[in-house]
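The values are calculated or read from the model by the stated rules, or taken from the named source; none is laboratory data. Computed from a predicted model, the values in this text were never measured in an experiment. Positions of Cβ are generated from backbone atoms using ideal geometry, with glycine treated the same way; all protein chains shown enter the neighbour counts. Surface areas here come from the heavy atoms of the whole protein model, side chains and all, with no ligands, DNA or RNA. Shrake-Rupley method; radii C 1.70, N 1.55, O 1.52, S 1.80 Å.
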Amino acid sequence: VAVMTGPGTGPHPLWPTSTWDAIRLEMAAAMEVLGVDEVRFENLPAAPLAALPVHEVNAAVAAVIDAVGPTELYLPYLHDLHHDHRALAYAGVVAARPYLERGRRIRLVAMYETPTETNLFPPALQPAFAPNHWIDVTDTLEVKLQAWSCYESQHLEGATPRSMESLR
């Protein structure tokens, strides 16, 4: 699992370093619950990612793909509301072009829904997320919810995509 964004190389314009440290600790705990063996934390600047030249984002994603050598690539949906998701999905597709050596190793490129960001554009402005592959999570739902509980700083109550009730 690769987390491509973080505070960047200098002071982040929105959040202090302590915020990043806390979220990364939460993620490490969640990955342990899920049994993920390796987590990579990269440091592209979250939120102001659009300020970077596209080739820099593309190169960073390609470098992780080259280092890890995945055969499956899971990316956020290309038309998410969150610009970072769009930029990273684009970079992943660019890196996985099938005529490149790294692309020939990747047998699956899939994009996933992020409930807080996917399908928030009005339908006339962006293509809606239209999944064509489903995975039954009945047998793993409780473990997934246990992993979500590790992200205490991200929880919201009520009818929101970040509540335990909505996820269940």
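Key figures
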quantity: Extended-chain gain in nm, criterion 0.36 nm per residue less alpha-carbon gap, GLU56 and GLU157; calculated: 32.6 nm
quantity: Distant-in-sequence amide H partners of ALA2 (H built 1.01 Å from N, under 5 Å); calculated: ARG40
quantity: Packing-based order for 43-49, 112-118, using average beta carbon neighbours within 10 Å, highest first; calculated: 43-49, 112-118
quantity: Signed unit charges on C-beta, dipole axis of the range 69-168, positive-most listed residue THR160, ALA124, ALA89; calculated: ALA89
quantity: Cα shape, the chain, gyration tensor, a/c 1.5 rule; calculated: rounded
quantity: Global form of the range 75-134, assessed from the alpha-carbon gyration tensor, a/c cut-off 1.5; calculated: prolate
quantity: Length gained when the stretch GLU32-LEU108 is fully extended (0.36 nm per residue, less Cα-Cα span); calculated: 24.9 nm
quantity: Span-rule helices in the chain, defined as complete DSSP H runs reaching 20 Å or more along the axis (Cα) with Kyte mean at least -1.0; calculated: 17-34, 54-68
quantity: Ordering of 8-17, 132-141, 87-96, 52-61 by packing [mean C-beta count within 10 Å, highest first]; calculated: 87-96, 52-61, 8-17, 132-141
quantity: Computed helical MRE - 222 nm, the chain, DSSP H runs ≥ 4 contributing -39500 (n - 2.57), nearest 500; calculated: -11500 deg cm²/dmol
quantity: Solvent-accessible area, 1.4 Å probe, carbon plus sulfur percent, for the range 1-83; calculated: 61
quantity: For MET111, distant residues with modelled amide H under 5 Å away; calculated: LEU75
quantity: Chain lengthening between TRP15 and THR140 when straightened (0.36 nm per residue, less Cα-Cα); calculated: 41.7 nm
